[in-house]
1. Check whether at least one residue in segment 92-102 is farther than 18 Å from residue 23 by Cα, buried (at least 24 other Cβ atoms within 10 Å of the Cβ) and either hydroxyl-bearing (Ser, Thr, Tyr) or more than 15 Å from the chain's Cα centre (by Cα) (or both), and report yes or no.
2. Looking only at residues that are without any contact (Cβ under 8 Å) to a residue 40 or more places away in the chain and open to solvent by less than 40 Å² (accessible area, probe 1.4 Å) in segment 484-495, which one is farthest from residue 387 (Cα to Cα)?
3. Could you grab me the full set of residues in segment 426-436 that are over 22 Å from the mean Cα position of the chain (by Cα) and surrounded by 18 or more Cβ atoms within 10 Å (Cβ to Cβ)?
4. Return yes or no: is residue 145 of a type outside the set (S, T, N, Q), part of a loop (DSSP other than H, G, I, E, B) and open to solvent by 30 Å² or more (accessible area, probe 1.4 Å)?
5. Among (1) buried (at least 17 other Cβ atoms within 10 Å of the Cβ); (2) closer than 28 Å to residue 341 by Cα, which single condition is residue 316 missing?
6. Specify the residue that is most open to solvent (accessible area, probe 1.4 Å); the eligible residues are those in segment 213-237 that are within 23 Å of residue 161 (Cβ to Cβ) and under 27 Å from the mean Cα position of the chain (by Cα).
Amino acid sequence: MLNVARSDIADQALRATAVAAAICTVVLLTVAPLTSNDFWLQVTIGGMIWNSGEIPDTVLFTFTEARDYPFHAHEWLPSIVFYLLHEALGYDQLIWVKGTLGIALFALCFRLAHRLTSSLPVALFLSIVTMAVANYRHFMRPEIFACLFLLILLNLLAEYQLTRTRQFLVWSIPLVLVWANSHGSFPIALVIVACVAAGEGITAALAAWALPGRARLGAAVLAARPHFICCTAMFLATLVNPYGHQLYLFAWDFAQWTVTREYIIEWVSTFSPHFAQTRGFWAYLGFLALCLAVVIAYRRNVRAADVLLLIAFGYLSTDRQRHIVLFAFVSLYVLARVIGPVAIGSRATRGALALLLVLLLAGGGMLLRYGNLQGEYPYSVPSRKFTPQLIEYVEDRDLRGNVFNSFELGAELVHKFYPRLRPAIDSRIDAYGERYFEYYTQMYSDERLLLDFILHYDVRYMLLLWWEFERIQQMPQLPLTGWRTLFADHKMVLLGRGDRVAPQPR
């Protein structure tokens, strides 16, 4: 009896240690200072909504005619959340919110995998691998809430699969309503449920293959009906947003743009040379290999819904690199379901946990040494956040006027200095439009176009990243129009012209 008690204590200690090591790994993956330039715009717009009770309907901040372009604030709900968090905690403390959201994502991953496999080591392994693959997209942006909603939806589908309690499907309706008011990825919820509905129908039809055609069709309809009804109700719920059905048209139109593939890193092809050089790309390839291995090893358990989900989200993941995170979370659901309940003895479980613990410790060491998949550490991260010296320079000299700025710096420029300084563009490329963005990017290579823009809009300052500054430095006529460097640091360069280039400090 004493040996049995000691064995139980040792097993419990090993389980607790493995779970703790997994959580520490997630902390190292997700606890890092904020880097997303979009965050500043979210905070600014969230504050406007919270304080005025109205959602802005135009671009507003720029000094060009684009200020009157329509703006679909489809992320208005997270914007309010970010504003309130920023007001309550301050910017520097939001690192812990970012980490907490990472822990929440891991908890949902683990719950999903454990419910479907009933195995601690398998659930921990699948969850950690999924979090690692998704880590390159872990930003304080509305997308992080979309990931939470996606995992909640997958957990609801898993619960319905295990219990056949329709209440779990019903909960997906208010979930997708909140999702539609938070992030433009909400249509994937309908895609997931539609794939499951079609898969259930196909599986039922194949099981009833010996029956007459009408009977097979009836079996398929009966099996697909709960998910089909749920999908229909979810679609109707998504229409409850400030823009109604126009939100679908807006999302579809933006998805067709070609300029985003050329200039916006998160929208480039997964197999583009740029993304192929990143850690996220190699994590993705490793995850693809894992998916293939599991599907082959457990091919007898693969159902039609699994195939449909893997095809749909596998295609998305190959199309644009930002969709890899969706593929990772959906694949977790598929892999855990395909593996199914794992029945192994206590000795095998101990061996699996011990091996997993070794892998987690090795992974934690690599994270401490090399940073996460974005090259970030909890104490250090490469970012384009304005330095205190730049902010002090602008404030002390009370700079005012129109600014030709880097696309990536517009959001913080708005948050810190609007309306004294007005940007040419900010990070809302969806609001400015494809033609405007193409016109803006062309100015970096067309000196005549840039000079006309400067004179027409009385541009007084330029705020550029170094690589952009080096491009315009090659323009021979620009220095002749009175431009000179006002401030420079290791991130960016501030240029000024005319009689307002260098007012005395206040």
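The values are calculated or read from the model by the stated rules, or taken from the named source; none is laboratory data. Computed from a predicted model, the values in this text were never measured in an experiment. We place every Cβ from the backbone using ideal geometry, glycine too, and count neighbours over all the protein chains shown. For the accessible areas, the whole protein counts, side chains as well, though only heavy atoms, and no ligand, DNA or RNA atoms are used. Shrake-Rupley method; radii C 1.70, N 1.55, O 1.52, S 1.80 Å.
1. Residues of segment 92-102 that are farther than 18 Å from residue 23 by Cα, as a first pass: 92-94.
This time we only want the ones that are buried (at least 24 other Cβ atoms within 10 Å of the Cβ), so: none.
No, segment 92-102 has no match at all.
2. Within segment 484-495, the match that is farthest from residue 387 (Cα to Cα) is 495.
3. Result: 436, single match.
4. Values: of a type outside the set (S, T, N, Q): yes; part of a loop (DSSP other than H, G, I, E, B): no; open to solvent by 30 Å² or more (accessible area, probe 1.4 Å): yes.
Spelling it out, it is not the case that residue 145 is of a type outside the set (S, T, N, Q), part of a loop (DSSP other than H, G, I, E, B) and open to solvent by 30 Å² or more (accessible area, probe 1.4 Å).
5. With (1) buried (at least 17 other Cβ atoms within 10 Å of the Cβ); (2) closer than 28 Å to residue 341 by Cα applied to residue 316, the lone miss is (2).
6. 235
One line per residue, one yes/no per condition, for (1) farther than 30 Å from residue 417 by Cα; (2) modelled with pLDDT of 95 or more; (3) surrounded by 15 or more Cβ atoms within 10 Å (Cβ to Cβ):
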{"position": "328", "(1), (2), (3)": "yes, yes, yes"}
{"position": "344", "(1), (2), (3)": "yes, no, no"}
{"position": "381", "(1), (2), (3)": "no, no, yes"}
{"position": "389", "(1), (2), (3)": "no, yes, no"}
{"position": "392", "(1), (2), (3)": "no, yes, no"}
{"position": "396", "(1), (2), (3)": "no, yes, no"}
{"position": "399", "(1), (2), (3)": "no, yes, yes"}
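Residues are listed down the side, and each one gets a yes or a no for (1) over 19 Å from the mean Cα position of the chain (by Cα); (2) modelled with pLDDT under 95; (3) farther than 14 Å from residue 41 by Cα; (4) open to solvent by 50 Å² or more (accessible area, probe 1.4 Å):
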{"residue": "376", "(1), (2), (3), (4)": "no, yes, yes, no"}
{"residue": "384", "(1), (2), (3), (4)": "no, yes, yes, yes"}
{"residue": "415", "(1), (2), (3), (4)": "yes, no, no, yes"}
{"residue": "421", "(1), (2), (3), (4)": "yes, no, yes, no"}
